[in-house]
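Reviewing the structure listed below.
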Amino acid sequence: MSQTDFSRQLLRGERLTTTEVIYYMPDHPDLLQRFLWQTLDIPPEFPRVHKFLLFWRQEIQAVIHSVTCSAAGLVSPARLEVSREIASLH
């Protein structure tokens, strides 16, 4: 993460935001497709996500079924989990 991303999180209150867009495929309207996107945004308004969805509606032919947004909390140290189980896959 660059210094500018770090300062954006601390000073402007931006958080790592994951957006999941479920949409109907243009060529096969009975099938749903999933698109995941991560960016820094300001919860709970999510202005960057709204701008992206506006672009989607104007420029992309796929019709949106649903949108889910989730944002990480404040900057925190990385977590490391150690697993004691090892499995073989044939």
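For the stretch 19-31, the tally of residues that are at pLDDT below 95 and surrounded by 13 or more Cβ atoms within 10 Å (Cβ to Cβ) stands at 1. Scanning the stretch 3-31 for residues that are in contact (Cβ under 8 Å) with a residue 40 or more places away in the chain and farther than 16 Å from L74 by Cα turns up T19, E20, V21, I22, Y23, Y24. When R34 is tested against (1) more than 20 Å from S7 (Cα to Cα); (2) in contact with a Lys or Arg (Cβ under 9 Å, 6 or more places away or on another chain), just one condition goes unmet, and that condition is (2). Would you point out the residue of the stretch 1-18, among those that are at pLDDT 80 or above and not in a loop (DSSP other than H, G, I, E, B), that is farthest from Q33 (Cα to Cα)? By that ranking, first place goes to R15.
When the stretch 32-64 is filtered for residues that are of a type in the set (D, E) and without any contact (Cβ under 8 Å) to a residue 24 or more places away in the chain, the ones remaining, listed by number, are E45, E59.
May I ask you to list the residues in the stretch 32-48 that are of a type outside the set (S, T, Y), surrounded by 10 or more Cβ atoms within 10 Å (Cβ to Cβ) and within 15 Å of A72 (Cα to Cα)? Hits for the stretch 32-48 are W37, Q38, L40, D41, I42, P43, F46. So is Q58 more than 14 Å from T19 (Cβ to Cβ), at pLDDT 90 or above and either among the polar types (S, T, N, Q) or surrounded by 10 or more Cβ atoms within 10 Å (Cβ to Cβ) (or both) or not? In short, yes.
Name every residue in the stretch 55-70 that is among the aliphatic types (A, V, I, L, M) and more than 16 Å from the chain's Cα centre (by Cα), in order of residue number. Lay out the reasoning, then the answer.
Of the residues in the stretch 55-70, the ones among the aliphatic types (A, V, I, L, M) are 60, 62-64, 67.
Hits for the stretch 55-70 are I60, A62, V63.
Out of the residues in the stretch 22-39 meeting the condition of being part of a loop (DSSP other than H, G, I, E, B) and not aliphatic (A, V, I, L, M), tell me which one is nearest to W56 (Cα to Cα). Checked the stretch 22-39; the qualifying residue nearest to W56 (Cα to Cα) is P26.
The values are calculated or read from the model by the stated rules, or taken from the named source; none is laboratory data. Predicted model, so just to flag it, every value in this text is computed and none were measured. Note that we place each Cβ from the backbone using ideal geometry, even for glycine, and neighbour counts take in every protein chain shown.
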